[in-house]
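Reading through the C-alpha cells given below for one structure.
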Amino acid sequence: MKITRSLFGKTNEGIEVELFTLTNDYQTTVKITNYGAIITSIVTPDENGTLADIVCGFEKLENYLSAEYLGSYPYFGCICGRVCNRIAEGKFTLEGKSYSLAVNNGPNHLHGGLIGYDRRLFSAEVIDESGKVGVKLTYQSQDMEEGYPGNIKVTCTYTLNNNNELSIEYTAETDQTTIVNLTNHTYFNLTGGKESILNHELELTAKTFTESIGSIPTGNIVTVEGTPFDFLTKKKLGKDIAGLADGYDLNFVLDNDEGKLVHAGSLSEETSGRMVEVYTTQPGIQLYTGFWIPELTINGEKKFGKYSGVALETQHYPDSINKPDFPSVILSPGQKFYEKTVYEFGTK
C-alpha cells in the first residue's frame, strides 16, 4: 500500500492545492484533494480485472473552478457542510435566536450555502500506517460563516485498506451551540462512465423514508412498501424512475438511532460485475440519481449529463433543525461530533 502527494493546481487566488493518491495491493486507487475534501477518482477492477474510474470527477483543479461546472453545480465528490442537504427557507431557531442562511436552491438553503465546505481549502496530514493509508483533512470554520453560529473545527479522514474499504470519518467541535450535518457527495458509475446508471441495481435496508414536499420533509415517516422507493429487494434504478419527475432525490431512514456502523445498502452493475457496499453510523441515506448533472465538455469531449452518476449520501435527515422529532443536528461546546461511512468495493 502507498500514498503519494502532488500538486493538483492553483486556486483563482494563486494558492496551491494538493492531490493525495491512495493505492492498495489490489489495484484500488483513490484520489483526494484538499480543495473541498473532494474524492476526484476511484479506480477499481471489474470482474475481468479491467480497471476503470467509477466516480464522477475531474483530473484537473481548473475543471472544479470553471464557470461551466459551477453554473449547474452537482457537487462532485466533495464534503458538504456545515449542514448538508436542505434547510427550509434557510431559516432556523437555536437557543431562542433566529438565523437566516443563504437561499441557494429554489426557496431553500442547500449543502452549506454559497461557499460551503465543498469550496474551502483544508489542511492535510498524511496517514501511512500498517494496514491503511489515507489523509486527514482539517478545516476551521469561523463564527457566522455562511450564517452559522460558532467557530468549529472540522476533520474529514479518508483511509483505504487492503479489504478495498474506503473509510470516511468526520469529527467536529464547536465553541458555541451550532448545527452540523456532514456528508460526502460522490457519484458512482460502475460502468466507468460508459453507460448511464439506470441499469445499476440498488438494494437498501431502509423500510421507510422521510415524506417530502418540494424536497423538504413534512415530518412524516412513510413506509416504502408499494412505492417506487422500495429497494428492500435489489432492483434496477431505472425500473420505476419514469414515474418520478426528476428521478430519485430522497432521504431513506436507516433505523440507526444508536449510531452503530450498520449496513445501509449495496450498488451493483451486471456488465462489469462491480459492487459497492455502504456502511454508516448515520441515521439516513439520500439517494440521488443525478437528474440535474450537467453535460460538460472536458478536453473537447462531452461527458456526464443526466443520470451519469448516483450519489448515496449518508447523513442526518434534511431540515432536521426544524423537525424536533428527527435525529438532532445540534452540537454544543464540550460535545464531539463523530460519524463514519465505509464504501467497500468488490465484484460479484
| In segment 1-105, what GluC sites (Glu not before Pro) fall in a loop by DSSP, with at most 16 other Cβ atoms inside 10 Å? | Glu13, Glu47, Glu59, Glu95
| remark: Amide H proximity to Asn181 below 5 Å, modelled H, separation 5+ or other chain, gives Val83, Cys84
| remark: Applied in sequence order to segment 269-276, the curve 6.51 cos²θ - 1.76 cosθ + 1.60 (Karplus, θ = phi - 60°) yields integer Hz couplings, x standing for Gly and Pro, of 9, 5, 5, 8, x, 6, 9, 10
| field | Cα-based Rg / Dmax (Å) for segment 1-91 | value | 15.4, 51
| query | Cysteines of the chain lacking any other cysteine beta carbon under 4.7 Å? | reply | Cys56, Cys78, Cys156
| For segment 208-291, what does the equivalent ellipsoid look like in terms of its semi-axes, each the square root of 5 times an eigenvalue of the Cα gyration tensor, given largest first in whole Å? | 20, 19, 11
| task | For the chain, with a Gaussian network of springs between Cα atoms less than 10 Å apart, report the residue from Ile127, Ile54, Ile197 with the top mean-square fluctuation. | result | Ile127
| said: What are the ³J(HN,Hα) couplings of segment 12-23, residue after residue, when phi is run through the Karplus curve with 6.51, -1.76, 1.60 and θ = phi - 60°? Round to Hz, x for glycine and proline. | reply: 4, 8, x, 7, 6, 10, 9, 10, 10, 10, 9, 10
| About its Cα centre, how strong a charge dipole does the chain have in debye, to the nearest 20, once Lys and Arg get +1 and Asp and Glu get -1 at the Cβ? | 260 debye
| So how far apart, in nm, are the two label points at Lys2 and Thr208 if each is 7 Å from Cα heading toward Cβ? | 5.1 nm
| remark: Residues meeting the amide H criterion for Thr218 (H placed from the backbone, H to H distance under 5 Å, 5 or more places apart or on another chain) are Glu211, Ser212, Ile213
| query | What percent do you get for the relative contact order of segment 1-121 when only Cα pairs under 8 Å and 6+ apart count? | reply | 20 percent
| At each listed q (0.09 Å⁻¹), what is the log10 of I(q)/I(0) that the Debye formula gives for segment 197-337 modelled as equal alpha-carbon point scatterers? | -0.31
| query | Considering only Tyr288, Thr218, Ala52, whose Cα is most displaced toward the positive end of the charge dipole of the chain, charges sitting on Cβ of Lys, Arg (+1) and Asp, Glu (-1)? | reply | Ala52
| Between segment 73-96 and segment 305-332, what's the alpha-carbon centroid distance in Å? | 8 Å
| task | For segment 319-336, take each phi angle, set θ = phi - 60°, evaluate the Karplus expression 6.51 cos²θ - 1.76 cosθ + 1.60, and give the result in whole Hz per residue in order, putting x for glycine and proline. | result | 6, 4, 5, 9, 10, x, 7, 7, x, 6, 10, 7, 10, 10, x, x, 8, 10
| Proximal lysines relative to Lys323, as straight alpha-carbon distance under 27 Å, when same-chain residues fewer than 8 apart are discounted | Lys91, Lys97, Lys153, Lys207, Lys260, Lys336, Lys340
| said: Largest first, please: the extent of the C-alpha atoms of segment 2-347 along each principal axis, to the nearest Å. | reply: 58, 51, 41
| query | Which whole-number percentage describes the relative contact order of the chain, with Cα contacts under 8 Å and a sequence gap of 6 or more? | reply | 18 percent
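Laboratory data are not the source of any read-out in this text; all were calculated from the coordinates shown. This is a predicted model, so every value here is computed, not measured. When we count neighbours, we look across all protein chains shown, and the Cβ atoms used for this are built from the backbone with ideal geometry, even at glycine.
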